[in-house]
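Comments concern the structure below.
The values are calculated or read from the model by the stated rules, or taken from the named source; none is laboratory data. Computed from a predicted structure; not experimentally measured. Using ideal geometry, Cβ is built from the backbone for each residue, glycine included, and neighbour counts are taken over all protein chains shown. Protein only, heavy atoms only, side chains kept; ligands, DNA and RNA dropped before computing areas. Shrake-Rupley method; radii C 1.70, N 1.55, O 1.52, S 1.80 Å.
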Amino acid sequence: QGQLVESGGGLVQPGGSLRLSCATSGNIFGIYTMGWYRQAPGKQRELVATFTARGTTSYADSVKGRFTISRDNAKNTVYLQMYALKPEDTAVYYCTAQRATVTYWGQGTQVTVSS
């Protein structure tokens, strides 16, 4: 059983930055594709970024050039570094671990971009 715990959300002004962390346990790190999703009020959940077990990354067009997904193998932790934040980035951000038909989700962390 995989477990994911996000942290690092909060309130930030437009143009600011935040780094989200996702601590994993349950022998999933390095095997599963790690990802970050977000869901804003009244909107569908959106895939933001992924990091495959082989090390390939991908990003939604809306965050390319502003967000970076990375991982620390020694800490079994995945990060989402967010720069140049915009009000439309406001959402609950979820960490995921996916392999075949199995997907684990974290509890989510709120990111609010507002002046």
Of (1) free of Cβ contacts under 8 Å to residues at least 60 places away in the same chain; (2) charged (D, E, K, R); (3) touching a Phe, Trp or Tyr at 6+ places or on another chain (Cβ under 8 Å), LYS64 satisfies every one except (3)
Exactly one condition in (1) on the phi > 0 side of the Ramachandran plot; (2) open to solvent by 50 Å² or more (accessible area, probe 1.4 Å); (3) not acidic (Asp, Glu) is false for TYR37; which is it?
(1)
2 or more residues farther than 13 Å from ALA23 by Cα and open to solvent by 40 Å² or more (accessible area, probe 1.4 Å): qualifying strands (runs of 3 or more DSSP E) within the stretch 54-115
57-59, 91-99, 102-105, 109-113
From the options TYR104, TYR83, TYR59, residue that is in contact with a strand residue (DSSP E or B) (Cβ under 7 Å, 6 or more places away or on another chain) and touching a residue at least 40 places away in the same chain (Cβ under 8 Å)
TYR104
All positions within the stretch 10-53 that are under 21 Å from TYR104 (Cβ atoms) and in a loop (DSSP other than H, G, I, E, B):
GLY26, ASN27, ILE28, PHE29, GLY30, ILE31, TYR32, GLN44, ARG45, THR52, ALA53
